[in-house]
Amino acid sequence: MKNRILVLKLRDILIVSILLLSFIIGLPLLLLKDKDGKVNQTDESEKATISIENDSHIVNTDEVKKLYKSMIKVYKTKENKVVELPIEEYIKGVVASEMPANFEEEALKSQAVAARTYTLSKLLHKCSNAKGADLCDTTHCQVYTDKDKRIESWGKAHGSEYWDKISKAVDETQGETLFYNDGLVLRAQYFAISGGRTENIEDVFGSEEPYLKSVSSEGEEIAGKYKTTVEMSINDFINKVNSAYPKAKLTSKGISSVKIISRTEGGSVKSMSVGSEETSGKNFRKALGLNSANFNIKFDSKKVYIECRGYGHGVGMSQWGANVMAKEGKNYKDILTHYYSGVDIVKIE
C-alpha cells in the first residue's frame, strides 16, 4: 500500500511538473499572439519600431524635464570632436544654421520650438554618426554652428544683429516643446520649401505619424528655389537612369517609357516607370540629385527637362511657408499647429 501511494504521489508530481513546464513554454507564444490568434514573429527592425511607438506615450512631461535639464553632446564633424553644451545654447546655433536670419521673428520662433523638440527626441534615440555623442552637426541631424563662426560667416555688417535676433527668438520660446496626446513628438520634421502642400509622412518615410499630415502651404512662390529645372542630354539621362536602375535597360528608343504613374496628396511623384522598372519619386529624386520629388519630366529630340517644385522632403513644417504665415500676421503657435496636426505646445521648466 505504501509503495502504491508513493507511486501515485510521484505520478502527480510528474503531471504537475509537465503542466507547469508547458505553461512556461507557452506563455511567450501567448503574449506574441495578435487579435486573430496568430503568432507574430518579431524581428529586430520591428522591435525598433515598437520601441519608438511606445515612446510617444511614455515620454511624458516629467521625463522630458529630465532630458531638458541635461547637457547635450554634439559631434562636430569637420573638427572630429565632441562638445558639450546646454540645450538652449545648442538651439541658437541650430536656428542660426537652419533658417535664414532675415526671416520674420515668428518664423524663427517656430523653428526654435521644432528644433528643440527634435533635439529632445535625439536624446532618446542618439545619432548613429555622432561617435558616441547625442547628435552630429550636419543635415543628418540638424546643422549646428557655434556663435563665433556663425557671426563670422554673416559678416561684420549683420553678424551681431542676426545673432541677437535669433537669440531673442530662442529665449522667448525657452523650454517650449511639441507634444501629441501627452507624449513628446518624436519626429518634428521640417524642410525648406513646399510645392503648395506638405506631404503625409507615410508617403515619404513609410511609417505613419498622426501629426505629420499633408496640409496646404501657400505663397512660397517667392522663394528662389520654388521652381528649378534640371536639363541634360538624352544620353546623359539614359546613363544616369541605367546606373541607378540596372534592370531598366533604358534606350533612346524607349525613352517614352519613363512616365509618372501616381502622385501623393502633397503633389510629389509616388510611383513611376523607368524603362522596365517601377520606382518611387523619392528614390528617383535621390538618383538624379533633384531638389524635390515633386517634379515633371519633358523630352525633346535632344534633351530631357525635369521641372521641380519645392526643396526638401516635404514632411512637417515648411520653413518658407512658416515665413509667409509670419508675414501675414500669424504667430509661431499658429504656424506650428498648422504644420503639425493636433499638437500642443508645452513649456518645460
For this session: With a 1.4 Å probe and all protein chains in place, put ASP344, ASP148, ASP334 in order of accessible area, largest first.
Result: ASP148, ASP344, ASP334
Exercise. Counting only the backbone N, which residues of the range 94-127 are under 15 Å from the spot 7 Å out from the Cα of ILE222 toward its beta-carbon?
Worked result: 100-108
Exercise. With every protein chain left in place, what is the accessible area of LYS213 in Å² (1.4 Å probe, nearest 10)?
Worked result: 70
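When the chain is fully extended, how far beyond the present Cα-Cα distance does SER128 get from SER257, taking 0.36 nm per residue of separation?
Answer, rounded to one decimal: 42.5 nm.
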For this session: Order these peptides, 66-76, 88-98, 227-237, by their mean beta-carbon neighbour count within 10 angstrom, highest first.
Result: 88-98, 66-76, 227-237
Problem set entry | Net charge of neighbours whose Cβ lies under 15 Å from the Cβ of LYS249, counting Lys and Arg as +1 and Asp and Glu as -1 | +1
Exercise. Tell me, in nm to one decimal, what length is gained between LYS247 and SER301 on full extension, where the rule is 0.36 nm per residue of separation less the Cα-Cα distance?
Worked result: 17.0 nm
Exercise. If you roll a 1.4 Å probe over the heavy atoms of the protein chains, what accessible area per residue do you get for the range 272-349, in Å²?
Worked result: 45
Exercise. Among 254-262, 173-181, what's the highest-first ranking by average C-beta atoms within 10 angstrom per residue?
Worked result: 173-181, 254-262
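The values are calculated or read from the model by the stated rules, or taken from the named source; none is laboratory data. As the structure is a prediction and not an experimental result, all values here were calculated from the model. No Cβ is skipped: glycine too gets one built from the backbone with ideal geometry, and neighbour counts run over all protein chains shown. In case anyone asks, the SASA skips ligands and DNA or RNA and just uses the protein heavy atoms, side chains included. Shrake-Rupley method; radii C 1.70, N 1.55, O 1.52, S 1.80 Å.
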